[in-house]
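Have a look at the structure below before the remarks.
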Amino acid sequence: MLAATRAEELRALIAYHNQLYHQQDAPEISDVEYDELVRELKQIELDYPELVTEDSPSQQVGFTPSDLFTPVEHLTPMMSLDNAMSFEELAAWGKRLERYIDTNVEYSCELKMDGLAVSLVYTDGHLTRAATRGDGRVGEDITLNVLQIKGVPHRLKDAPPLVEARGEIYMPVSSFKQLNEEQMLRGERIFANPRNAAAGSLRQKDPQITASRNLSFFAYQLAQAPVNFKDHAETLAYLREQGLPVNPTSKILHSLSEVYDFCQHWQVNRHSNDYEIDGVVVKINDLAQRQELGFTSKAPRWAVAFKFPPEERNTLLKDIMVSIGRSGKATPFAVLEPVFVGGSTVRLATLHNQDQVALKDVRPGDVVIVRKAGDVIPEVVGPVLSKRPEGLPPWEFPKNCPECGGELSRSEGESDTFCTSAECPKQLEQRIVHFASRGCMDIENLGERTVQLFRQLELLRDIGDIYNLDYDRIKLIEGFGEVSINNLRSGIEASKQRPLSNLLSGLGIRHLGATGARVLAKGMHHLDNILRASVDEIGSVEGIGTVIAQSVHEFFQHEDNRQLIERLRSAGVNFEGPKASTLAQTLSGMSIVVTGTLENFSREGAEEAIKERGGKSPGSVSKKTHAVVLGEGPGAAKITKARDLKIPILNEQQFQQLLETGVIPEVSAGDGEGAVVG
Ligand code: IVH
């Protein structure tokens, strides 16, 4: 058969099945068979490009929307909004209103969803046409795709002759993250933000792609309605009654200062919902007042968009460099032209690993999108391709360690690259910094800068040197007066008493995190026991798996590490872990809060007694608390909370009983003896 004839036939077939699937909900073939038809057509079109037609179902993203979708003229124009970026601009908008209406105004305030505006036309209650905004007058017909979105009803509750609802299609942040993870695994393009992901998912010739993406919808406007409403609040209520999703956060407010508070509140809490917002839309509530206000050439006078400061900005990617961590891990990072975004100036941003750089395809010399949302660490989202200088070469991961020149190597199946040199000075430096850091030996006044300085001056070669510093030489360094030397000394001295788990964390043993270190210290009781133990013995500690056990064992087999341990021992560093309990574990799984002092126990003693019997003794009362023990001078908050939550309150004698038996004595819940707080 001639290719042209087959292409024609395939197009007709695909259109037929599309219609069955989307309009009649009655498909005759499976998705796989459908995909095969599309694939066959695509292949013919690849082989014979002259056979491609404009309306071919094979045409996907990369074409201008007007090539992809049929244009549709909106019944009334879809306008944009004027912006206000500050309270002053909001007030100026308010002032302009006074020329048209009296100042007794109600404002309807809504979140400004960051998605795509759509118009949904329902005739006799059925969704018959969905369109993008386009240029405001003419949009694109995306009906088939919108029919795939779960949150958009195909039918309204009543069947009014004509309703046009407008609103925003968006992708929930959680779905966006998940989609990008999947795209990454498939090696497909990553979306810059939920808005782009929503647009990319909607602007698909194949509605199945839209169907596979989780999109949602909020309606915020009625452009055609069967009833005349009094105000916007009634409009929203009608949309809701008809089964259209309406954002529940909108509020009617009576003054611009209240409006501004609303804007501020949502600016601070902009990430508290599972969808992105970029501002607040402030609308006049009364529809008669809206009529009087009317429109300018491009926007209604009766509404304004209060825009939040952007969390994404473009800036120049000056360079990509590689940093070396304590394990030798080589992490690429972006050196940026400083840019103020999301509340702070961003100069550097991690690029994680080689694959991430390749996937994002960012190149030194690119203009890139930098994103910093709330407390989240800044991120390079991707390049602005339209601004890429011609001939800009892709970035290549260096072959050698920028710190020591040693070989950088990446193992099969791993995403990270490592400096393989055992002598790499940066690794040694970072190991010392880690050892001294918080959560490890927590040595005050021995931060990264000091470590770097001491290493330059050869005062510090490795971790063991920390306890052997030449203070006479340090005295001669500028900036090291008596006070700072004393502080450093006492910081180092104090570190000798840190719990064994901190020491284990500080040694930087691969795979052994803070939790693993705690479990290991508790299970082995002394560092010498760990030094002597076989892999199996280490692995027999509950909570320690074979990977950790092997890594710990291997670490202590190394002669260098053994020597380090001996140096720490002679310096007097604590090797002792928590003692083994010989007591019956009567309280295992229980959480007992102690408040006030008891007669026969100090407060700490009581908590210790609980822990020794396998229980927990946290500092505050919660739903998970099994009982509260009440001593002299208790905390009122704890008692109140215990009463509210109906948690048994025990006196000392009942506590003794509990320790022995593990059974909570009968007391009326939340009302134990002596539970009266003055
Ligand atoms: S009202 C006459 N309300 O913001 C315009 N717009 O330029 C009426 N948007 O792309 C728009 N959330 O899609 C309105 N609650 C909301 C909105 C909202 C997001 C978008 C809209 C348009 C842009 C306004």
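The values are calculated or read from the model by the stated rules, or taken from the named source; none is laboratory data. What you see is a predicted model, and the numbers here were worked out from it, not measured in a lab. Note that each Cβ is placed from the backbone with ideal geometry, even for glycine, and that neighbours are counted across all protein chains shown.
Quick grid of which residues meet (1) hydrophobic (A, V, I, L, M, F, W, C); (2) closer than 30 Å to GLU311 by Cβ:
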| residue | (1), (2) |
| --- | --- |
| LYS387 | no, yes |
| PRO398 | no, no |
| CYS401 | yes, no |
| GLY406 | no, no |
| GLN427 | no, no |
| LEU459 | yes, no |
| ILE463 | yes, no |
| ILE477 | yes, no |
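In the stretch 278-291 there is at least one residue that is in contact (Cβ under 8 Å) with a residue 60 or more places away in the chain, on the phi < 0 side of the Ramachandran plot, within 14 Å of the ligand (Cβ to nearest atom) and of a type in the set (S, T, N, Q). Where helices (runs of 4 or more DSSP H) fall wholly inside the stretch 404-497, no range has 2 or more residues that are in contact with a Leu (Cβ under 7 Å, 6 or more places away or on another chain) and of a type in the set (S, T, N, Q). Applying a threshold of 9 Å to beta carbon distances and a minimum spacing of six or more residues, or different chains, the list of pairs starting in the stretch 303-318 at a residue that is free of Cβ contacts under 8 Å to residues at least 12 places away in the same chain and within 20 Å of ASN193 (Cβ to Cβ) and ending at one that is assigned to a strand (DSSP E or B) and β-branched (Val, Ile, Thr) is empty.
Total residues in the stretch 213-232 satisfying the condition of being under 22 Å from MET113 (Cα atoms) and either of a type in the set (A, V, I, L, M, F, W, C) or without any contact (Cβ under 8 Å) to a residue 12 or more places away in the chain (or both): the figure is 6. Applying the condition of being surrounded by fewer than 16 Cβ atoms within 10 Å (Cβ to Cβ) and acidic (Asp, Glu) to the stretch 463-507 and asking which residue is nearest to MET441 (Cα to Cα) yields GLU493. Put simply, of ALA349, ALA373, ALA358 the only residue that is surrounded by fewer than 16 Cβ atoms within 10 Å (Cβ to Cβ) and of a type in the set (A, V, I, L, M) is ALA358. Scanning the stretch 151-164 for any residue that is over 30 Å from ILE252 (Cβ atoms), outside any strand (DSSP E or B), away from the ligand (no atom under 13 Å from the Cβ) and at pLDDT 95 or above turns up at least one such residue.
For ILE169, the criteria (1) away from the ligand (no atom under 16 Å from the Cβ); (2) among the β-branched types (Val, Ile, Thr); (3) surrounded by 17 or more Cβ atoms within 10 Å (Cβ to Cβ); (4) not in a loop (DSSP other than H, G, I, E, B) hold in every case but one, which is (1). Among the residues of the stretch 225-254, just one is within 14 Å of the ligand (Cβ to nearest atom), under 24 Å from GLN291 (Cβ atoms), among the polar types (S, T, N, Q) and touching a Leu at 6+ places or on another chain (Cβ under 6 Å), namely THR235. Screening TYR170 against (1) without any contact (Cβ under 8 Å) to a residue 60 or more places away in the chain; (2) in contact with a Gly (Cβ under 9 Å, 6 or more places away or on another chain); (3) not basic (Lys, Arg) leaves a single unmet condition, (1).
Close contacts from the stretch 108-134, counting a first residue that is free of Cβ contacts under 8 Å to residues at least 24 places away in the same chain and among the small types (Gly, Ala, Ser) and a second that is part of a loop (DSSP other than H, G, I, E, B) and within 16 Å of the ligand (Cβ to nearest atom), with Cβ to Cβ under 6 Å and a gap of 6+ residues or different chains, come to ALA130/ILE142.
In the stretch 122-141, which residues are among the polar types (S, T, N, Q) and surrounded by 22 or more Cβ atoms within 10 Å (Cβ to Cβ)? The answer is THR132, and nothing else. Taking the criterion of being aliphatic (A, V, I, L, M) and at pLDDT 75 or above, would at least one residue in the stretch 49-63 satisfy it? Looking through the stretch 49-63, at least one residue is aliphatic (A, V, I, L, M) and at pLDDT 75 or above. Checked against the criterion of being under 30 Å from VAL38 (Cα atoms) and within 15 Å of the ligand (Cβ to nearest atom), the stretch 176-186 has no qualifying residue. Applying the set (1) more than 15 Å from the ligand (Cβ to nearest atom); (2) at pLDDT 95 or above to SER108 leaves exactly one unmet item: (1). Of all the residues in the stretch 193-211, those that are touching a helix residue (DSSP H, G or I) at 6+ places or on another chain (Cβ under 8 Å) and away from the ligand (no atom under 16 Å from the Cβ) number 9. Looking across the stretch 91-105 at every residue that is part of a helix (DSSP H, G or I) and under 18 Å from HIS232 (Cβ atoms), the one that is farthest from the ligand (Cβ to nearest atom) is identified as GLY94. Being surrounded by 14 or more Cβ atoms within 10 Å (Cβ to Cβ), of a type in the set (Ser, Thr, Tyr) and either over 25 Å from MET171 (Cβ atoms) or more than 16 Å from the ligand (Cβ to nearest atom) (or both) is a condition met by at least one residue of the stretch 259-268.
Please go through the stretch 612-656 and give me each residue that is under 17 Å from SER602 (Cα atoms), modelled with pLDDT of 90 or more and assigned to a helix (DSSP H, G or I), ordered by number. Those that are under 17 Å from SER602 (Cα atoms), modelled with pLDDT of 90 or more and assigned to a helix (DSSP H, G or I): GLU652, GLN653, GLN654, PHE655, GLN656. Of the residues ILE369, ILE377, only one is farther than 30 Å from CYS404 by Cα, aliphatic (A, V, I, L, M) and more than 16 Å from the ligand (Cβ to nearest atom); which? Only one candidate qualifies: ILE369. Residues of the stretch 81-90 that are small (Gly, Ala, Ser) and within 16 Å of the ligand (Cβ to nearest atom): ALA84 alone. With respect to ARG510, is the statement that it is in contact with an Asp or Glu (Cβ under 9 Å, 6 or more places away or on another chain), touching a residue at least 60 places away in the same chain (Cβ under 8 Å) and either surrounded by 13 or more Cβ atoms within 10 Å (Cβ to Cβ) or within 30 Å of ASP472 (Cα to Cα) (or both) true? No: the conditions fail for ARG510. In the stretch 413-453, the qualifying residues are those that are small (Gly, Ala, Ser) and more than 31 Å from the chain's Cα centre (by Cα), and the one that is surrounded by the most Cβ atoms within 10 Å (Cβ to Cβ) is SER421.
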